[in-house]
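Novice: Mind looking over this structure? Questions follow.
The values are calculated or read from the model by the stated rules, or taken from the named source; none is laboratory data. This is a predicted model, so every value here is computed, not measured. Here Cβ is always computed from backbone atoms with ideal geometry, including for glycine, and neighbour counts include all displayed protein chains. Side chains are part of the model used for accessible areas, which takes the heavy atoms of the whole protein and leaves out ligands, DNA and RNA. Shrake-Rupley method; radii C 1.70, N 1.55, O 1.52, S 1.80 Å.
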Amino acid sequence: MTSNQAQSDLSRGLWAASLKQRADCGPLTQEISVDLAVIGGGFTGCSAAYEAARSGASVALLEAHDIGEGGSGRNVGLVNAGLWLPPDVILTQMGDAPGRHLIDVLGRAPDLVFDLITREGIECEATRAGTLHLAHAASGLKDLQNRHRQGNQFGASLHLLDAAETQRRTGSDAFHGALLNPAAGTVQPLAYCHGLAQAAQRAGAQLFANSPVEALRHEAGQWQLMTPQGIVRAGALLVATNAYAEAAALPERPQYVPVNYCQFATRPMSAEQQARILPAGEGCWDTAQVMSSIRRDAAGRMIVGGMGNSRGLGAALHAGWARHKLRSLYPELGDQPFEHHWSGRIAMTSDHIPKVQVFGPNAYAIFGYSGRGIAPGTVFGTAAAKALLSGDDSHLPLPVVEAYAERFTAAKGAFFEFGATMVHTLNRLPFTAR
């Protein structure tokens, strides 16, 4: 392991520490020609490489660092159906027919993820026990009632839980109720990403790590991607960098608001605690405006997540909030040390709907999952490979856009970080994070 890789693993925290099977991807050191080139080794890129190779196409994936280095390896690990938005809002923003199509496709997205995991034998702590959207207050319960009605109206099988059932499932009396989606679940996200990469390699894809794209151009009907030691020529191109677009020399960068999310993991709980705290293994997030999440990993660690950068200027405040949050939900765990902490970036769009932007001739850039990366990323990567190789964009879950602009992205990102820091400051007690 190189020193750079060791530092990268440290920054990703628990998921890198518990990763058991790593895809073996060296740097590109030659000139190759393929049908499809992919920039980015996360959920979207690896899914696209996997689908392209399975279809018989030649494909090369270029990752600037290690597989899963970006948001995919720093994810919470919730395999959720749909988007963060309620269905009615999606229809309002997209129109009836395209909105319904996207809702239907992403409603079935966990099936694609878990079927792929089973088919390829990916070891990623896959647990299909559902997810719980937790009502942090009475207002949150009203929101969940609305989402329950809309979700089931559009074909989901959601269950609205009262406070008592929510307490039984979570082991905490802090919530007013919850919305259970039994079709969803959790994974170890970095392990899932590396498993996707290995599956793509077995299907015939060529994956190259530590191969940043330093120059990119289209000439004579082909894309040319230059890395420090090699060149890829391809008939089609997918840019799948999402919130880490700076990892490639792109002539036109996807535009989104970068939002930080941090997580803190305790040491494994006792067997008695594991029998009471999220005993079935559901992954959870809440209805608060500044959202937080809780889940367990396979070893029984409690993982608390929230908006903010735990390695930035507000690091101590976010860590103090995490200690307070853990203590308020589970007093018996309040003094457990945090053995791991890490942060990742989310690519947020103003309307919270992903974008497939035409990047050039036979080229797409996909970005803007707004915190829903695993299942949508798998769906969009798979669909993009089909669309680019066939020339038929009807394979995509939503219409492509020729251009997309976000204004004041840096300022908005700073505003989100400031807001999370202020909320975490106001909602923490003066405990010292360990």
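Novice: Mind telling me which of the residues 241, 186, 227, 266 ends up being touching a Phe, Trp or Tyr at 6+ places or on another chain (Cβ under 8 Å) and under 30 Å from residue 139 (Cβ atoms)?
Specialist: Of the residues listed, the single one that is touching a Phe, Trp or Tyr at 6+ places or on another chain (Cβ under 8 Å) and under 30 Å from residue 139 (Cβ atoms) is 266.
Novice: A further question on this structure: Being open to solvent by 20 Å² or more (accessible area, probe 1.4 Å), of a type outside the set (Ser, Thr, Tyr) and in contact with a strand residue (DSSP E or B) (Cβ under 9 Å, 6 or more places away or on another chain) is the requirement here; does residue 31 meet it?
Specialist: Yes.
Novice: Being among the aliphatic types (A, V, I, L, M) and more than 15 Å from residue 59 (Cβ to Cβ) is the filter; apply it to the stretch 179-208 and report the residue that is most open to solvent (accessible area, probe 1.4 Å).
Specialist: Residues of the stretch 179-208 among the aliphatic types (A, V, I, L, M): 179-180, 183-184, 187, 190-191, 196-197, 199-200, 203, 205, 207.
Next cut, more than 15 Å from residue 59 (Cβ to Cβ) only: 179-180, 183-184, 187, 190-191.
On the way: 179: 15, 180: 12, 183: 38, 184: 0, 187: 0, 190: 0, 191: 9 Å².
Taking the candidates together, the pick is 183.
Novice: Right, here's the next one. Within the stretch 221-243, can you find the residues that are surrounded by fewer than 22 Cβ atoms within 10 Å (Cβ to Cβ) and either within 20 Å of residue 389 (Cα to Cα) or touching a helix residue (DSSP H, G or I) at 6+ places or on another chain (Cβ under 8 Å) (or both)?
Specialist: Passing the criteria: 221, 222, 224, 233, 235.
Novice: A further question on this structure: Based on what the data block shows, is residue 293 modelled with pLDDT under 95 and open to solvent by less than 10 Å² (accessible area, probe 1.4 Å)?
Specialist: Judged against the criteria, residue 293 is not a match.
Novice: Here is a follow-up. So, of the residues in the stretch 244-272 that are surrounded by 18 or more Cβ atoms within 10 Å (Cβ to Cβ) and not in a strand (DSSP E or B), which turns out to be modelled with the lowest pLDDT?
Specialist: Out of the qualifying residues, it is 247.
Novice: Within the set of pairs 6 or more residues apart or between chains, which connect a residue that is farther than 12 Å from residue 81 by Cα and of a type in the set (A, V, I, L, M) inside the stretch 100-117 to a residue that is open to solvent by less than 10 Å² (accessible area, probe 1.4 Å) and not in a helix (DSSP H, G or I) with Cβ atoms less than 8 Å apart?
Specialist: 117/124; 117/187
Novice: Would you pick out the residues in the stretch 298-311 that are farther than 14 Å from residue 74 by Cβ and not basic (Lys, Arg)?
Specialist: 298, 299, 300, 302, 304
Novice: For the structure I just gave you, tell me whether residue 106 is open to solvent by less than 60 Å² (accessible area, probe 1.4 Å) and assigned to a helix (DSSP H, G or I).
Specialist: The answer is yes for residue 106.
Novice: Could I ask something else about it? Tell me, which helices (runs of 4 or more DSSP H) lie completely within the stretch 133-213 with 3 or more residues that are of a type in the set (A, V, I, L, M, F, W, C)?
Specialist: Qualifying helices (runs of 4 or more DSSP H): 138-153, 189-203.
Novice: While we're looking at this one, here's another question. Could you tell me whether residue 91 is within 27 Å of residue 350 (Cα to Cα), at pLDDT below 95 and of a type in the set (A, V, I, L, M)?
Specialist: no
Novice: In the stretch 312-324, which residue that is in contact with a Lys or Arg (Cβ under 8 Å, 6 or more places away or on another chain) and open to solvent by 20 Å² or more (accessible area, probe 1.4 Å) is modelled with the highest pLDDT?
Specialist: Taking the candidates together, the pick is 324.
Novice: Sort through 350, 343 and tell me the only one that's surrounded by fewer than 23 Cβ atoms within 10 Å (Cβ to Cβ), under 18 Å from the mean Cα position of the chain (by Cα) and assigned to a strand (DSSP E or B).
Specialist: Sole residue among the options that is surrounded by fewer than 23 Cβ atoms within 10 Å (Cβ to Cβ), under 18 Å from the mean Cα position of the chain (by Cα) and assigned to a strand (DSSP E or B): 343.
Novice: Does residue 380 satisfy being modelled with pLDDT under 95 and within 29 Å of residue 196 (Cα to Cα)?
Specialist: no
Novice: A further question on this structure: Going through the stretch 224-247 one residue at a time, which ones are hydroxyl-bearing (Ser, Thr, Tyr) and over 20 Å from residue 381 (Cβ atoms)?
Specialist: Once the filter is applied, which keeps residues that are hydroxyl-bearing (Ser, Thr, Tyr) and over 20 Å from residue 381 (Cβ atoms), the stretch 224-247 yields only 227.
Novice: Could you check residue 403 against (1) closer than 24 Å to residue 216 by Cβ; (2) small (Gly, Ala, Ser); (3) surrounded by 15 or more Cβ atoms within 10 Å (Cβ to Cβ) and say which number it fails?
Specialist: It fails just one condition, (3).
Novice: Among the residues in the stretch 298-307, are any at pLDDT below 95, part of a loop (DSSP other than H, G, I, E, B) and within 17 Å of residue 348 (Cα to Cα)?
Specialist: No - not one qualifying residue is present in the stretch 298-307.
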